[in-house]
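A.B. asks: Questions regarding the structure given below will be posed in turn.
The values are calculated or read from the model by the stated rules, or taken from the named source; none is laboratory data. Bear in mind that the values here come from a model prediction, so they are computed numbers and not experimental data. Every residue, glycine among them, receives a Cβ derived from its backbone with ideal geometry; neighbour counts consider all protein chains shown. Surface areas here come from the heavy atoms of the whole protein model, side chains and all, with no ligands, DNA or RNA. Shrake-Rupley method; radii C 1.70, N 1.55, O 1.52, S 1.80 Å.
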2 protein chains.
Amino acid sequence: MSLIAFEGMDGSGKSTLVNYLKNVLKEKYNKKVIVVQGLGSSSIGPTMRKIFLDQEISNLTCLWLSLANMSQTMEEIIRPALARGYWVLADRWLASTYAYQIFSYKMDFSLKKFQKITKKLFFLPKITFYLDIPVDIGLKRKRSIIGYELNRFERKDLAYLKQVQKGYQTFYQKEKKVKSYDTYLSSPDLVFYKMIDFLINRKMLPKEGR
Amino acid sequence: MSLIAFEGMDGSGKSTLVNYLKNVLKEKYNKKVIVVQGLGSSSIGPTMRKIFLDQEISNLTCLWLSLANMSQTMEEIIRPALARGYWVLADRWLASTYAYQIFSYKMDFSLKKFQKITKKLFFLPKITFYLDIPVDIGLKRKRSIIGYELNRFERKDLAYLKQVQKGYQTFYQKEKKVKSYDTYLSSPDLVFYKMIDFLINRKMLPKEGR
(Lines give C-alpha, C1' and ligand atoms only; values in the text may rest on other atoms or scores of the structure.)
Protein backbone atom coordinates (compact mmCIF):
# COMPACT_ATOMS: atom_id res chain seq x y z
CA MET A 1 0.00 0.00 0.00
CA SER A 2 1.23 3.44 -0.93
CA LEU A 3 0.07 6.89 -1.82
CA ILE A 4 1.42 7.84 -5.24
CA ALA A 5 0.75 11.29 -6.63
CA PHE A 6 0.65 12.29 -10.27
CA GLU A 7 1.30 15.96 -10.82
CA GLY A 8 1.64 18.22 -13.82
CA MET A 9 -0.12 20.68 -16.07
CA ASP A 10 -3.31 19.84 -17.92
CA GLY A 11 -2.53 17.77 -20.99
CA SER A 12 0.66 16.38 -19.46
CA GLY A 13 -0.74 12.85 -19.54
CA LYS A 14 -1.68 12.31 -15.91
CA SER A 15 -4.97 10.50 -16.56
CA THR A 16 -3.43 8.21 -19.18
CA LEU A 17 -0.54 7.18 -16.95
CA VAL A 18 -2.73 6.82 -13.86
CA ASN A 19 -4.88 4.40 -15.84
CA TYR A 20 -1.92 2.46 -17.15
CA LEU A 21 -0.54 2.07 -13.67
CA LYS A 22 -3.88 1.17 -12.14
CA ASN A 23 -4.46 -1.60 -14.66
CA VAL A 24 -1.00 -3.08 -14.42
CA LEU A 25 -0.98 -2.96 -10.60
CA LYS A 26 -4.31 -4.78 -10.56
CA GLU A 27 -3.82 -7.29 -13.33
CA LYS A 28 -0.13 -8.05 -13.25
CA TYR A 29 0.74 -7.44 -9.62
CA ASN A 30 -2.60 -8.37 -8.10
CA LYS A 31 -2.81 -5.21 -6.02
CA LYS A 32 -5.86 -3.44 -4.70
CA VAL A 33 -5.86 0.02 -6.32
CA ILE A 34 -8.00 3.10 -6.03
CA VAL A 35 -7.73 6.27 -8.13
CA VAL A 36 -8.61 9.53 -6.47
CA GLN A 37 -8.97 13.05 -7.84
CA GLY A 38 -6.84 14.59 -5.12
CA LEU A 39 -8.48 17.98 -5.31
CA GLY A 40 -12.09 16.99 -5.50
CA SER A 41 -13.18 13.41 -4.79
CA SER A 42 -14.78 14.12 -1.43
CA SER A 43 -18.43 14.55 -0.57
CA ILE A 44 -17.96 18.32 -0.36
CA GLY A 45 -16.28 18.38 -3.81
CA PRO A 46 -19.44 19.23 -5.81
CA THR A 47 -20.31 22.09 -3.45
CA MET A 48 -16.76 23.47 -3.63
CA ARG A 49 -16.85 23.24 -7.43
CA LYS A 50 -20.15 25.09 -7.54
CA ILE A 51 -18.69 27.92 -5.44
CA PHE A 52 -15.57 28.10 -7.65
CA LEU A 53 -17.70 28.38 -10.80
CA ASP A 54 -20.62 30.49 -9.62
CA GLN A 55 -19.31 32.88 -6.99
CA GLU A 56 -16.79 35.65 -7.01
CA ILE A 57 -14.31 34.56 -4.40
CA SER A 58 -10.84 35.77 -3.57
CA ASN A 59 -7.71 33.76 -4.37
CA LEU A 60 -7.17 33.17 -0.68
CA THR A 61 -10.71 31.90 -0.15
CA CYS A 62 -10.17 29.60 -3.10
CA LEU A 63 -7.06 28.18 -1.45
CA TRP A 64 -8.79 27.42 1.86
CA LEU A 65 -11.68 25.76 0.06
CA SER A 66 -9.22 23.59 -1.86
CA LEU A 67 -7.45 22.57 1.32
CA ALA A 68 -10.86 21.72 2.80
CA ASN A 69 -11.62 19.58 -0.22
CA MET A 70 -8.26 17.82 0.05
CA SER A 71 -8.46 17.13 3.75
CA GLN A 72 -11.96 15.74 3.33
CA THR A 73 -10.79 13.54 0.43
CA MET A 74 -8.03 12.33 2.71
CA GLU A 75 -10.41 11.35 5.51
CA GLU A 76 -13.12 9.85 3.34
CA ILE A 77 -11.04 8.00 0.77
CA ILE A 78 -7.27 8.00 1.16
CA ARG A 79 -6.94 7.16 4.85
CA PRO A 80 -9.43 4.25 4.82
CA ALA A 81 -8.02 2.91 1.53
CA LEU A 82 -4.43 2.91 2.81
CA ALA A 83 -5.61 1.25 6.04
CA ARG A 84 -7.18 -1.54 3.97
CA GLY A 85 -4.00 -2.13 2.01
CA TYR A 86 -4.87 -0.27 -1.18
CA TRP A 87 -2.50 1.55 -3.47
CA VAL A 88 -3.89 5.03 -3.82
CA LEU A 89 -3.12 6.85 -7.06
CA ALA A 90 -3.86 10.55 -6.64
CA ASP A 91 -4.45 12.58 -9.77
CA ARG A 92 -3.07 15.86 -8.38
CA TRP A 93 -2.20 16.55 -4.75
CA LEU A 94 -0.25 19.17 -2.79
CA ALA A 95 2.02 20.38 -5.61
CA SER A 96 -0.94 21.28 -7.83
CA THR A 97 -2.56 23.25 -5.05
CA TYR A 98 0.66 25.13 -4.50
CA ALA A 99 1.31 25.76 -8.21
CA TYR A 100 -2.24 26.75 -9.23
CA GLN A 101 -3.51 28.47 -6.13
CA ILE A 102 -0.53 30.08 -4.49
CA PHE A 103 2.44 30.48 -6.79
CA SER A 104 0.47 31.48 -9.88
CA TYR A 105 -1.24 34.36 -8.06
CA LYS A 106 2.00 35.62 -6.56
CA MET A 107 0.39 35.53 -3.15
CA ASP A 108 2.28 36.58 -0.05
CA PHE A 109 2.53 32.93 0.93
CA SER A 110 5.90 31.21 0.72
CA LEU A 111 6.56 27.59 -0.18
CA LYS A 112 8.07 27.21 3.27
CA LYS A 113 4.83 28.37 4.85
CA PHE A 114 2.81 26.02 2.65
CA GLN A 115 5.04 23.10 3.57
CA LYS A 116 4.80 23.94 7.27
CA ILE A 117 1.03 24.00 7.08
CA THR A 118 0.70 20.80 5.13
CA LYS A 119 3.53 18.82 6.71
CA LYS A 120 1.71 17.13 9.55
CA LEU A 121 -1.84 17.69 8.36
CA PHE A 122 -1.77 15.99 4.96
CA PHE A 123 -0.48 12.62 3.85
CA LEU A 124 2.71 13.02 1.88
CA PRO A 125 3.07 10.73 -1.15
CA LYS A 126 5.55 7.88 -0.96
CA ILE A 127 6.53 8.98 -4.45
CA THR A 128 5.32 11.67 -6.83
CA PHE A 129 5.50 11.37 -10.59
CA TYR A 130 5.80 14.83 -12.06
CA LEU A 131 4.87 14.92 -15.74
CA ASP A 132 6.54 17.81 -17.47
CA ILE A 133 5.32 19.23 -20.76
CA PRO A 134 5.64 22.63 -22.47
CA VAL A 135 2.50 24.53 -21.52
CA ASP A 136 1.45 25.34 -25.08
CA ILE A 137 1.63 21.66 -26.06
CA GLY A 138 -0.36 20.61 -23.00
CA LEU A 139 -3.07 23.13 -23.78
CA LYS A 140 -3.28 22.04 -27.43
CA ARG A 141 -3.61 18.40 -26.39
CA LYS A 142 -6.49 19.22 -24.05
CA ARG A 143 -8.20 21.31 -26.69
CA SER A 144 -8.01 18.59 -29.31
CA ILE A 145 -10.48 16.48 -27.35
CA ILE A 146 -13.76 16.94 -29.21
CA GLY A 147 -16.44 18.59 -27.17
CA TYR A 148 -14.02 19.33 -24.36
CA GLU A 149 -14.74 22.65 -22.73
CA LEU A 150 -11.91 24.60 -21.17
CA ASN A 151 -12.34 25.26 -17.48
CA ARG A 152 -11.63 28.57 -15.79
CA PHE A 153 -7.99 27.74 -15.25
CA GLU A 154 -7.42 26.63 -18.83
CA ARG A 155 -8.99 29.75 -20.26
CA LYS A 156 -6.30 31.84 -18.70
CA ASP A 157 -3.46 32.74 -20.95
CA LEU A 158 -0.17 31.06 -21.51
CA ALA A 159 1.70 33.52 -19.31
CA TYR A 160 -0.42 32.35 -16.40
CA LEU A 161 0.18 28.72 -17.24
CA LYS A 162 3.91 29.29 -17.47
CA GLN A 163 3.72 30.76 -14.00
CA VAL A 164 1.91 27.63 -12.81
CA GLN A 165 4.65 25.48 -14.32
CA LYS A 166 7.25 27.57 -12.52
CA GLY A 167 5.24 26.89 -9.36
CA TYR A 168 5.60 23.14 -9.88
CA GLN A 169 9.32 23.54 -10.51
CA THR A 170 9.74 25.64 -7.38
CA PHE A 171 7.87 23.04 -5.38
CA TYR A 172 9.98 20.16 -6.65
CA GLN A 173 13.29 21.86 -6.19
CA LYS A 174 12.71 21.34 -2.49
CA GLU A 175 11.15 17.89 -2.61
CA LYS A 176 13.05 14.66 -2.58
CA LYS A 177 10.49 12.00 -3.26
CA VAL A 178 9.69 13.06 -6.79
CA LYS A 179 10.49 11.53 -10.16
CA SER A 180 10.10 13.78 -13.16
CA TYR A 181 9.32 12.67 -16.73
CA ASP A 182 9.23 14.59 -19.98
CA THR A 183 5.90 13.59 -21.50
CA TYR A 184 6.33 15.66 -24.65
CA LEU A 185 9.42 14.01 -26.15
CA SER A 186 8.67 10.58 -24.69
CA SER A 187 5.58 8.51 -25.57
CA PRO A 188 3.22 7.46 -22.76
CA ASP A 189 4.38 3.86 -23.28
CA LEU A 190 8.00 4.77 -22.75
CA VAL A 191 7.26 6.91 -19.68
CA PHE A 192 5.18 4.09 -18.25
CA TYR A 193 7.97 1.59 -18.83
CA LYS A 194 10.35 3.87 -16.93
CA MET A 195 7.81 4.30 -14.12
CA ILE A 196 7.48 0.57 -13.54
CA ASP A 197 11.25 0.28 -13.65
CA PHE A 198 11.51 3.01 -11.06
CA LEU A 199 9.01 1.32 -8.74
CA ILE A 200 10.91 -1.96 -9.04
CA ASN A 201 14.22 -0.23 -8.28
CA ARG A 202 12.63 1.41 -5.24
CA LYS A 203 11.42 -2.07 -4.18
CA MET A 204 7.84 -0.90 -4.26
CA LEU A 205 7.17 -3.65 -6.81
CA PRO A 206 8.83 -7.07 -7.05
CA LYS A 207 11.27 -7.74 -9.86
CA GLU A 208 9.73 -11.06 -10.78
CA GLY A 209 6.33 -9.51 -11.39
CA ARG A 210 7.56 -7.94 -14.60
CA MET B 1 -11.40 53.58 11.14
CA SER B 2 -10.36 50.45 12.98
CA LEU B 3 -11.02 46.76 13.16
CA ILE B 4 -12.12 45.85 16.66
CA ALA B 5 -12.75 42.22 17.54
CA PHE B 6 -15.02 40.91 20.26
CA GLU B 7 -14.11 37.45 21.41
CA GLY B 8 -15.35 35.07 24.06
CA MET B 9 -17.56 32.07 24.76
CA ASP B 10 -21.24 32.01 23.92
CA GLY B 11 -23.18 33.91 26.53
CA SER B 12 -20.23 36.12 27.43
CA GLY B 13 -22.07 39.22 26.24
CA LYS B 14 -20.43 39.87 22.88
CA SER B 15 -23.61 40.84 21.01
CA THR B 16 -24.78 43.16 23.78
CA LEU B 17 -21.48 45.01 23.96
CA VAL B 18 -21.05 45.14 20.19
CA ASN B 19 -24.43 46.82 19.99
CA TYR B 20 -23.66 49.26 22.80
CA LEU B 21 -20.43 50.28 21.11
CA LYS B 22 -21.99 50.52 17.66
CA ASN B 23 -24.71 52.86 18.90
CA VAL B 24 -22.41 55.09 20.91
CA LEU B 25 -19.84 55.33 18.10
CA LYS B 26 -22.58 56.34 15.71
CA GLU B 27 -24.64 58.64 17.85
CA LYS B 28 -22.15 60.21 20.20
CA TYR B 29 -18.96 60.15 18.13
CA ASN B 30 -20.54 60.44 14.70
CA LYS B 31 -18.58 57.50 13.30
CA LYS B 32 -19.49 55.21 10.43
CA VAL B 33 -19.78 51.72 11.92
CA ILE B 34 -20.42 48.27 10.56
CA VAL B 35 -20.90 45.07 12.56
CA VAL B 36 -19.69 41.85 11.04
CA GLN B 37 -20.07 38.23 12.10
CA GLY B 38 -16.40 37.44 11.64
CA LEU B 39 -16.91 33.77 10.99
CA GLY B 40 -19.84 33.91 8.62
CA SER B 41 -20.93 37.21 7.07
CA SER B 42 -19.66 36.46 3.57
CA SER B 43 -21.60 35.29 0.53
CA ILE B 44 -20.26 31.76 1.02
CA GLY B 45 -21.36 31.77 4.69
CA PRO B 46 -24.74 30.08 4.15
CA THR B 47 -23.15 27.30 2.07
CA MET B 48 -20.45 26.76 4.69
CA ARG B 49 -23.07 26.63 7.42
CA LYS B 50 -25.08 24.06 5.47
CA ILE B 51 -22.01 21.84 5.14
CA PHE B 52 -21.24 22.17 8.87
CA LEU B 53 -24.76 21.16 9.79
CA ASP B 54 -25.59 18.55 7.16
CA GLN B 55 -22.37 16.76 6.30
CA GLU B 56 -19.95 14.63 8.25
CA ILE B 57 -16.71 16.49 7.87
CA SER B 58 -13.42 16.15 9.68
CA ASN B 59 -12.18 18.73 12.18
CA LEU B 60 -9.46 19.75 9.77
CA THR B 61 -11.92 20.23 6.89
CA CYS B 62 -14.03 22.33 9.23
CA LEU B 63 -11.03 24.54 9.97
CA TRP B 64 -10.21 25.19 6.30
CA LEU B 65 -13.85 25.99 5.56
CA SER B 66 -13.88 28.48 8.43
CA LEU B 67 -10.72 30.16 7.16
CA ALA B 68 -12.35 30.34 3.72
CA ASN B 69 -15.38 31.98 5.26
CA MET B 70 -13.23 34.45 7.16
CA SER B 71 -11.05 35.41 4.21
CA GLN B 72 -14.12 35.95 2.08
CA THR B 73 -15.72 38.07 4.82
CA MET B 74 -12.51 40.07 4.87
CA GLU B 75 -12.55 40.74 1.13
CA GLU B 76 -16.26 41.40 0.79
CA ILE B 77 -16.91 43.43 3.92
CA ILE B 78 -13.99 44.31 6.15
CA ARG B 79 -11.48 45.53 3.56
CA PRO B 80 -13.91 47.80 1.68
CA ALA B 81 -15.42 49.11 4.93
CA LEU B 82 -12.01 50.03 6.37
CA ALA B 83 -11.07 51.67 3.06
CA ARG B 84 -14.18 53.82 3.30
CA GLY B 85 -13.37 54.93 6.83
CA TYR B 86 -15.71 52.67 8.77
CA TRP B 87 -15.15 51.24 12.20
CA VAL B 88 -15.58 47.50 11.83
CA LEU B 89 -16.78 45.62 14.89
CA ALA B 90 -16.20 41.91 14.41
CA ASP B 91 -18.25 39.52 16.50
CA ARG B 92 -15.60 36.77 16.68
CA TRP B 93 -12.41 36.62 14.64
CA LEU B 94 -9.12 34.69 14.73
CA ALA B 95 -9.13 33.79 18.43
CA SER B 96 -12.50 32.05 18.18
CA THR B 97 -11.35 30.01 15.21
CA TYR B 98 -8.27 28.97 17.12
CA ALA B 99 -10.15 28.17 20.34
CA TYR B 100 -13.12 26.32 18.82
CA GLN B 101 -11.57 24.64 15.83
CA ILE B 102 -7.99 23.89 16.75
CA PHE B 103 -7.32 23.96 20.47
CA SER B 104 -10.57 22.28 21.52
CA TYR B 105 -9.91 19.27 19.28
CA LYS B 106 -6.33 18.92 20.46
CA MET B 107 -5.21 18.94 16.84
CA ASP B 108 -1.56 18.62 15.90
CA PHE B 109 -1.56 22.30 15.02
CA SER B 110 0.30 24.69 17.28
CA LEU B 111 -0.65 28.28 18.08
CA LYS B 112 2.64 29.31 16.50
CA LYS B 113 1.66 27.59 13.27
CA PHE B 114 -1.78 29.23 13.35
CA GLN B 115 -0.23 32.64 13.90
CA LYS B 116 2.24 32.10 11.08
CA ILE B 117 -0.56 31.19 8.69
CA THR B 118 -2.81 34.04 9.65
CA LYS B 119 -0.18 36.74 10.21
CA LYS B 120 0.05 38.21 6.73
CA LEU B 121 -3.15 36.75 5.28
CA PHE B 122 -5.74 38.13 7.71
CA PHE B 123 -6.32 41.58 9.11
CA LEU B 124 -5.29 41.74 12.73
CA PRO B 125 -7.57 43.77 15.00
CA LYS B 126 -6.33 47.10 16.27
CA ILE B 127 -7.71 45.97 19.60
CA THR B 128 -9.55 42.87 20.79
CA PHE B 129 -12.00 42.86 23.65
CA TYR B 130 -12.00 39.44 25.23
CA LEU B 131 -15.08 38.81 27.33
CA ASP B 132 -14.40 36.24 29.99
CA ILE B 133 -17.15 34.30 31.73
CA PRO B 134 -17.30 30.93 33.51
CA VAL B 135 -18.47 28.45 30.87
CA ASP B 136 -21.40 27.11 32.89
CA ILE B 137 -22.75 30.63 33.41
CA GLY B 138 -22.36 31.47 29.72
CA LEU B 139 -24.24 28.36 28.70
CA LYS B 140 -27.05 29.06 31.17
CA ARG B 141 -27.42 32.61 29.86
CA LYS B 142 -27.73 31.38 26.28
CA ARG B 143 -30.23 28.74 27.28
CA SER B 144 -32.45 31.17 29.09
CA ILE B 145 -33.36 32.89 25.84
CA ILE B 146 -36.82 31.57 25.05
CA GLY B 147 -37.00 29.56 21.86
CA TYR B 148 -33.24 29.59 21.49
CA GLU B 149 -31.92 26.35 20.08
CA LEU B 150 -28.43 25.23 21.00
CA ASN B 151 -26.12 24.78 18.03
CA ARG B 152 -23.74 21.87 17.55
CA PHE B 153 -20.99 23.55 19.51
CA GLU B 154 -23.24 24.44 22.43
CA ARG B 155 -24.61 20.95 22.70
CA LYS B 156 -21.19 19.64 23.54
CA ASP B 157 -20.48 19.20 27.19
CA LEU B 158 -18.88 21.50 29.67
CA ALA B 159 -15.53 19.75 29.49
CA TYR B 160 -15.36 20.66 25.82
CA LEU B 161 -16.32 24.26 26.53
CA LYS B 162 -13.70 24.50 29.24
CA GLN B 163 -11.18 23.35 26.67
CA VAL B 164 -12.37 26.10 24.31
CA GLN B 165 -11.93 28.64 27.08
CA LYS B 166 -8.41 27.37 27.67
CA GLY B 167 -7.88 27.87 23.93
CA TYR B 168 -8.80 31.54 24.23
CA GLN B 169 -6.51 31.93 27.21
CA THR B 170 -3.64 30.26 25.36
CA PHE B 171 -4.22 32.54 22.39
CA TYR B 172 -4.22 35.69 24.48
CA GLN B 173 -1.17 34.83 26.52
CA LYS B 174 0.78 35.54 23.35
CA GLU B 175 -1.20 38.50 22.11
CA LYS B 176 -0.57 42.09 23.07
CA LYS B 177 -3.45 44.04 21.63
CA VAL B 178 -6.12 42.51 23.80
CA LYS B 179 -8.15 43.86 26.69
CA SER B 180 -9.92 41.32 28.83
CA TYR B 181 -13.09 41.91 30.86
CA ASP B 182 -14.89 39.74 33.37
CA THR B 183 -18.50 39.83 32.18
CA TYR B 184 -19.80 37.66 35.00
CA LEU B 185 -18.99 39.79 38.00
CA SER B 186 -19.35 43.09 36.13
CA SER B 187 -22.57 44.31 34.55
CA PRO B 188 -22.62 45.06 30.80
CA ASP B 189 -22.96 48.76 31.65
CA LEU B 190 -19.83 48.75 33.76
CA VAL B 191 -17.83 46.78 31.17
CA PHE B 192 -18.99 49.17 28.50
CA TYR B 193 -17.96 52.16 30.58
CA LYS B 194 -14.49 50.66 30.95
CA MET B 195 -14.31 49.93 27.22
CA ILE B 196 -14.99 53.52 26.24
CA ASP B 197 -12.46 54.65 28.81
CA PHE B 198 -9.93 52.28 27.31
CA LEU B 199 -10.53 53.57 23.77
CA ILE B 200 -10.12 57.15 24.98
CA ASN B 201 -6.89 56.30 26.77
CA ARG B 202 -5.61 54.64 23.61
CA LYS B 203 -6.55 57.82 21.72
CA MET B 204 -8.88 55.87 19.49
CA LEU B 205 -11.70 58.15 20.70
CA PRO B 206 -11.45 61.83 21.71
CA LYS B 207 -11.75 62.79 25.37
CA GLU B 208 -14.22 65.55 24.76
CA GLY B 209 -16.68 63.19 23.08
CA ARG B 210 -17.57 61.65 26.40
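A.B. asks: Can you tell me which of (1) over 18 Å from residue B:68 (Cα atoms); (2) facing another protein chain (nearest Cβ under 8 Å); (3) among the hydrophobic types (A, V, I, L, M, F, W, C) is the one residue A:87 doesn't meet?
C.D. replies: Here residue A:87 clears every test but (2).
A.B. asks: Now a separate question. Please verify whether the range B:97-116 includes one or more residues that are outside any helix (DSSP H, G or I), under 29 Å from residue A:67 (Cβ atoms) and acidic (Asp, Glu).
C.D. replies: Taking the range B:97-116 and keeping what is outside any helix (DSSP H, G or I), we get B:102, B:106-110.
In the following step, the residues that additionally are under 29 Å from residue A:67 (Cβ atoms) were identified as B:102, B:106-110.
Now narrow it down to the ones that are acidic (Asp, Glu): B:108.
Scanning the range B:97-116, I find at least one residue that is outside any helix (DSSP H, G or I), under 29 Å from residue A:67 (Cβ atoms) and acidic (Asp, Glu), so the answer is yes.
Condition check ((1) assigned to a loop (DSSP other than H, G, I, E, B); (2) over 13 Å from the mean Cα position of the chain (by Cα); (3) at positive phi) across all residues:
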residue: A:4; (1), (2), (3): no, no, no
residue: A:15; (1), (2), (3): no, no, no
residue: A:19; (1), (2), (3): no, yes, no
residue: A:22; (1), (2), (3): no, yes, no
residue: A:25; (1), (2), (3): no, yes, no
residue: A:29; (1), (2), (3): yes, yes, no
residue: A:36; (1), (2), (3): no, no, no
residue: A:42; (1), (2), (3): yes, yes, no
residue: A:47; (1), (2), (3): no, yes, no
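A.B. asks: Against the definition (more than 17 Å from residue A:163 (Cβ to Cβ), under 17 Å from the mean Cα position of the chain (by Cα) and outside any helix (DSSP H, G or I)), how does residue A:131 come out, yes or no?
C.D. replies: Yes: the conditions hold for residue A:131.
A.B. asks: Now for a separate question. Residue A:88 is checked against (1) over 19 Å from residue B:61 (Cα atoms); (2) among the β-branched types (Val, Ile, Thr); (3) surrounded by fewer than 23 Cβ atoms within 10 Å (Cβ to Cβ) and fails just one. What number does that condition carry?
C.D. replies: (3)
A.B. asks: Suppose we keep only residues that are out of contact with any Leu (no Cβ under 6 Å at 6 or more places or on another chain) and among the hydrophobic types (A, V, I, L, M, F, W, C) within the range B:22-42. Which one would you say is farthest from the other protein chains (Cβ to nearest Cβ)?
C.D. replies: Looking at residues that are out of contact with any Leu (no Cβ under 6 Å at 6 or more places or on another chain) and among the hydrophobic types (A, V, I, L, M, F, W, C), I get B:24.
A.B. asks: Say whether the condition of being surrounded by 18 or more Cβ atoms within 10 Å (Cβ to Cβ) and more than 30 Å from residue A:207 (Cβ to Cβ) is met by at least one residue in the range A:13-36.
C.D. replies: Scanning the range A:13-36, I find no residue that is surrounded by 18 or more Cβ atoms within 10 Å (Cβ to Cβ) and more than 30 Å from residue A:207 (Cβ to Cβ), so the answer is no.
A.B. asks: Which condition number does residue A:120 fail, the rest of (1) within 12 Å of another protein chain (Cβ to nearest Cβ); (2) charged (D, E, K, R); (3) touching a Ser or Thr at 6+ places or on another chain (Cβ under 7 Å) being met?
C.D. replies: Tallying (1) within 12 Å of another protein chain (Cβ to nearest Cβ); (2) charged (D, E, K, R); (3) touching a Ser or Thr at 6+ places or on another chain (Cβ under 7 Å), residue A:120 fails exactly one: (3).
A.B. asks: Name the single residue, out of those in the range B:169-210 being of a type in the set (S, T, N, Q), outside any helix (DSSP H, G or I) and in contact (Cβ under 8 Å) with a residue 40 or more places away in the chain, that is least open to solvent (accessible area, probe 1.4 Å).
C.D. replies: The extreme case among them is B:183.
A.B. asks: Mind telling me which of the residues B:56, B:75 ends up being surrounded by fewer than 20 Cβ atoms within 10 Å (Cβ to Cβ), facing chain A (nearest Cβ under 9 Å), closer than 20 Å to residue B:119 by Cα and out of contact with any Leu (no Cβ under 7 Å at 6 or more places or on another chain)?
C.D. replies: Answer to the selection: B:75.
A.B. asks: Does any residue in the range A:56-78 that is on the phi > 0 side of the Ramachandran plot come within less than 6 Å, Cβ to Cβ, of a residue that is modelled with pLDDT of 95 or more and assigned to a helix (DSSP H, G or I) six or more places away or on a different chain, and which pairs are these?
C.D. replies: none
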